[in-house]
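Q: This is the structure I want to talk about, given as structure tokens.
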Amino acid sequence: MNHSRRTSASVFFSFLALAGLTAHTARAIDTYTEVTGSEGDGEVTVGPDYTTDKDLTDLGNPKGKSFEFKMKLADSKIFRGDDKTLEPDKKPVLTERKISVYVPAAYKDGTAAPLLIIHDGPGPLGQVRNALDNLTIAKDVNRKLPAFIAIAVENGGNDGKNSERGLEYDTMSDREARFIAEEVVPAVVANADIKAAYPRLAFTQNPWGHAVMGCSSGGAAALTMGWFRPDYFRRIIAYSGTFVDQQDDDAAEEAKFPLGAWEYHSGMKLIETSEKKPLRIFTHVSENDLRNKDAEDTHHNWVMAGQRTSAALTAKGYHHRFVFSKATGHCDGKVFNQTLADTLVWLWHGYHGE
């Protein structure tokens, strides 16, 4: 392990200690390997007709436990709701955010669970919950999910530039990754109701056991979390990702990444020019995704941004799955209903715990 990896691992394990997670050595993570193959990688086109995958519905299988609590923004060291880029008079900031947690029936208290962070919570938590109920007990090993714990995190309010949500999701930095890892996950472990139900609750220290998903700016945030902190998060789901220039113009990160998430695939071409990172990435774009579909010079072309991001990831050799959905719009529910179970199965393929 080189010095930079030792430093990264040291920070990561400090977070684990704070979160009350089980003790493991850095060597255990460094020697962890997955035999994933390329099955499911590549581009998939769906639509224009859609159905709902039965594994995203209630099939009567054993249910886990749901929890909900709130975190005050003022208590955060990272997103307090008072950033200088915000315009609260125009785009109100929440005083507290809701955290929704689902622990599947297949989870055994005391085991080191993988986790999935869901942006804009609760969002698709209901579908994820059904997928866990149905697929953690699947007999087909190629259709089985690990018993991960789903944590849906509400954004801090509003949308776009000068908003708290925009600050959290569209900023090209590790702030969102640190917020989730250093504040949200420890709050889940410390929650009294969760501790009462699962007194030995533990999360895996293996970053391959840490996934994050989102749509729109939440999808961009998912990639950004893995991009800047692969020592925290390595499995990424981005539906209708906002890989465009939506970073706040006054953000400090503008000096290094002037076009925000557009830099991933155009401008700086970060994916192409950076060293390949240990990530497994799902991306999607809809045929009728957000504005300026045919304009190349606005840095706000969602369709082009999604396609270019996919092409860059594929060219770089990432394990990457890209869904193009016909006759659908931004964050279209029909796409989730048809593809989310397959997406989760592909995302977790190869994971075998600690």
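Q: What's the ranking of 233-242, 269-278 by average number of surrounding C-beta atoms within 10 Å, highest first?
A: Ranked from most to least packed, the peptides come out as 233-242, 269-278.
Q: Here is a further query. Starting with the highest mean, order 248-261, 312-325 by the number of other Cβ atoms within 10 Å, averaged over the residues of each peptide.
A: 312-325, 248-261
Q: With θ taken as phi - 60° and the coefficients 6.51, -1.76 and 1.60, list the Karplus ³J(HN,Hα) couplings across the stretch 79-96 in order, rounded to whole Hz; mark glycine and proline as x.
A: Each residue of the stretch 79-96 in turn: 10, 7, x, 10, 4, 5, 7, 7, 10, x, 5, 8, 10, x, 9, 5, 8, 8 Hz.
Q: Can I ask one more? Using mean Cβ contacts within 10 Å as the protection proxy, how do 194-201, 340-347 order, highest first?
A: Result, highest mean first: 340-347, 194-201.
Q: Roughly how big is the stretch 155-210's charge dipole about its Cα centre, with Cβ charges of +1 (Lys, Arg) and -1 (Asp, Glu), in debye to the nearest 20?
A: Magnitude of the dipole: close to 220 debye.
Q: Rounded, prolate or oblate: which fits the stretch 261-354 when a ≥ b ≥ c are the square roots of the eigenvalues of the alpha-carbon gyration tensor, with rounded for a/c under 1.5 and prolate only if a/b beats b/c?
A: Verdict is oblate for the stretch 261-354.
Q: Another one. I need the phi-derived Karplus couplings for the stretch 310-315: 6.51 cos²θ - 1.76 cosθ + 1.60, θ = phi - 60°, integer Hz, Gly and Pro marked x.
A: Per residue, the Karplus-derived 3J(HN,Hα) values read 4, 4, 5, 5, 5, 4 Hz.
Q: Give, rounded to the nearest 20 debye, the magnitude of the charge dipole that the chain has about its Cα centre when Lys and Arg contribute +1 at Cβ and Asp and Glu contribute -1 at Cβ.
A: Magnitude of the dipole: close to 1160 debye.
Q: State to the nearest 20 debye the size of the charge dipole of the stretch 43-118 about its Cα centre, where the only charges are +1 on K and R beta carbons and -1 on D and E beta carbons.
A: That gives a dipole near 440 debye.
Q: Could you line up Lys90, Lys326 from fewest to most neighbouring Cβ atoms inside 10 Å?
A: Going from least to most buried by this count: Lys90, Lys326.
Q: Which percent, nearest 5, of DSSP beta bridges in the stretch 41-348 are antiparallel?
A: 25
Q: Bins of 5 Å, beginning at zero and ending with the bin holding the largest distance: percent of Cα pairs per bin for the stretch 108-160, please.
A: Each 5 Å bin holds this share of Cα pairs: 5, 17, 22, 21, 16, 9, 5, 3, 1.
Q: Give the value in nm², to one decimal: projected area of the alpha carbon convex hull of the stretch 124-240, averaged over all directions.
A: If you wrap the Cα atoms of the stretch 124-240 in a convex hull and average its projections, you get 8.2 nm².
Q: What is the local net charge at Pro114, summed over the other residues whose Cβ is closer than 14 Å to its Cβ (Lys, Arg +1; Asp, Glu -1)?
A: +3
Q: Simple spin-label model, 7 Å along Cα-to-Cβ: Arg200 to Glu96 in nm?
A: It works out to 3.2 nm between the two label points.
Q: Further question on the same structure: Let a ≥ b ≥ c be the square roots of the eigenvalues of the Cα gyration tensor of the stretch 218-312; is it rounded (a/c under 1.5), or, if not, prolate (a/b larger than b/c) or oblate?
A: In terms of gyration-tensor shape, oblate.
Q: As a test of the formula, what do you get for the chain when each DSSP H run with n ≥ 4 contributes -39,500 (n - 2.57) and the sum is divided by the residue count, at 222 nm and rounded to the nearest 500 deg cm²/dmol?
A: That comes out to -8500 deg cm²/dmol.
Q: Once you've got the GNM for the chain with C-alpha springs shorter than 10 Å, pick whichever of Gly81, Gly60, Gly42 has the biggest mean-square fluctuation.
A: Gly60
Q: For the pairs Lys84/Lys195; Lys98/Lys195; Lys77/Lys161; Lys54/Lys326; Lys139/Lys334; Lys63/Lys139, note any where the Cα-Cα span goes beyond 29 Å.
A: Those over the limit are Lys84/Lys195.
Quick note: the coordinates plus some simple rules give every number you see, no bench work behind them. Because the structure is a prediction, the values reported are computed rather than measured. Backbone-built Cβ (ideal geometry, glycine too); neighbour counts: all protein chains shown.
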